[in-house]
Amino acid sequence: MKNIIELLNWRYATKKMTGEKISSEKINNILEAAHLAPSGIGLQPYEIIVISDPEIKKKIFPIAMNQPQVVESSHLLVFAVWDEYSKERIDHVFDYLTEKRNVDSTKYDKQREFSKQFFWEDEYRGQFSSRSQAGEYCIRFSYC
């Protein structure tokens, strides 16, 4: 099995598409990996919109700096950052993780409560001008 460094050395930005249609199974695997990938506080505070309709991709093309990959791709994945944070939305994320990882429902209780405090309690609120700014922090923050 290749190690992570070998795999990352292979990675590159695709500049030209082949026209090959990517299977639904592969797209679903990519989406599942993104949903389970780490992010700040573990929230994955974005929705992933899958676009395969050529007409919609044509509309996106000019606002994506006319990058040909947008219209040549089989599927376009758009990461739409949450513009609203609610306690229900946070609960949904942790319920999803509990189900997908098949773990006890209490496993994420501390992290779930910390996430809610991060957006609603004064101790953290002073660090950010808005919940949206705090959310941007969650997206950009990663660690090992």
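Rule-based calculations on the coordinates, nothing more; no lab input. All values reported here derive from a predicted model rather than from experimental measurement. Virtual Cβ from ideal backbone geometry, glycine too; neighbours counted across all protein chains shown.
Please list 3J(HN,Hα) in residue order for the range 93-107, calculated via the Karplus relation 6.51 cos²θ - 1.76 cosθ + 1.60 where θ = phi - 60°; whole Hz, with x for glycine and proline.
These are the phi-based 3J(HN,Hα) values: 4, 6, 5, 4, 4, 4, 5, 5, 8, 6, 10, 4, 4, 8, 4 Hz.
For residue 46, what residues show an amide H to amide H distance below 5 Å, using hydrogens built from the backbone and excluding near sequence neighbours?
Amide H neighbours of residue 46: 82.
What are the principal axis extents of the Cα atoms in the range 1-123, in Å, biggest first?
Cα extents, longest axis first: 47, 40, 26 Å.
Only Lys, Arg, Asp and Glu count, each charged at its Cβ (+1, +1, -1, -1), so figure out the dipole size of the range 24-94 about its Cα centre, rounded to 20 debye. Mind dumping the intermediate values first?
Numbers: 6 positive and 10 negative charges, 39 e Å.
Roughly 180 debye for the range 24-94.
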